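The values are calculated or read from the model by the stated rules, or taken from the named source; none is laboratory data. Keep in mind that this is a model prediction, so the values were computed, not measured. Virtual Cβ from ideal backbone geometry, glycine too; neighbours counted across all protein chains shown.
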Amino acid sequence: MKHILCFGDSNTWGYDFTTYDPAIGSGQRMPFNVRWPGIVQNLLGGEYRVIEDALNARTNMVEDPYFPHRHGLHALEAALDAQAPLDLVILQMGVNELKHMFNLTAGMIAFGMEKLVAAAQQPYYGYPAPKVLLIAPAPVKKDIADMIFGFSYGPLAYEKSVALGPLYRDIAAQHGCGFIDCADLHFEINTLDGLHYSRADHAKLGPVVAEKVKELLR
């Protein structure tokens, strides 16, 4: 059996914007078979085990004072240790660093992702180091600053999000990772928050990831 860790933020967790409740400021989670890691599991079948480790508001490497315990590198290192041995680690992160309070360039966000890639490629307990699949997140909506979480993201988020794909592609090439750019899949991205994937977007991503997994673990 092949063991696969899906490590990410709310778009791996399966945040469902259609369930958004203004009273609590959040939405609920899509069912397992609807969010993309579940689709991957169902397509790959019993010879593969997909392990989800996803968290809303998770960042690559910065501490968010409003959402504590979301530091991605620290959490990834713990997950790699806890879930060893792993054959593949899938990383899809970076949109939460777009928040304007962090004041990060796209290059700085990508540098943080490179740290996660390097961490994922370390061996544990004498097992071979896992392979890595890096997924560049889909760009946010151009007018995200005018949407419900716009107070956090501000007017520069879209421009930075568009730049992440090419930067992540370079990281994948430098470190020998598999790579998928969600921008190439032309996600619809919802018009409520301009950030989270729709069910149709998850349905697009799942089969692409499943095929890439089979290619990397062949």
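Look through segment 160-218, keep the residues that are among the polar types (S, T, N, Q) and at pLDDT below 95, and return whichever of them is farthest from the chain's Cα centre (by Cα). Filtering segment 160-218 for residues that are among the polar types (S, T, N, Q) and at pLDDT below 95, the one farthest from the chain's Cα centre (by Cα) comes out as Thr191.
Restricting attention to segment 182-198, which residues are buried (at least 18 other Cβ atoms within 10 Å of the Cβ) and of a type outside the set (Val, Ile, Thr)? Cys182, Phe187, Asn190, Asp193, Gly194, Leu195, His196, Tyr197 - these are the residues of segment 182-198 that are buried (at least 18 other Cβ atoms within 10 Å of the Cβ) and of a type outside the set (Val, Ile, Thr). The numbered conditions (1) modelled with pLDDT under 95; (2) surrounded by fewer than 18 Cβ atoms within 10 Å (Cβ to Cβ); (3) touching an Asp or Glu at 6+ places or on another chain (Cβ under 9 Å) are all true for Gly27 except (2). When segment 161-186 is filtered for residues that are more than 23 Å from Gln28 (Cα to Cα), assigned to a helix (DSSP H, G or I) and not small (Gly, Ala, Ser), the ones remaining, listed by number, are Val162, Leu164, Pro166, Leu167, Tyr168, Arg169, Asp170, Ile171, Gln174, His175, Asp184, Leu185.
Taken over segment 187-218, residues that are over 19 Å from Cys6 (Cα atoms) and either part of a strand (DSSP E or B) or in contact with a helix residue (DSSP H, G or I) (Cβ under 8 Å, 6 or more places away or on another chain) (or both) amount to 6.
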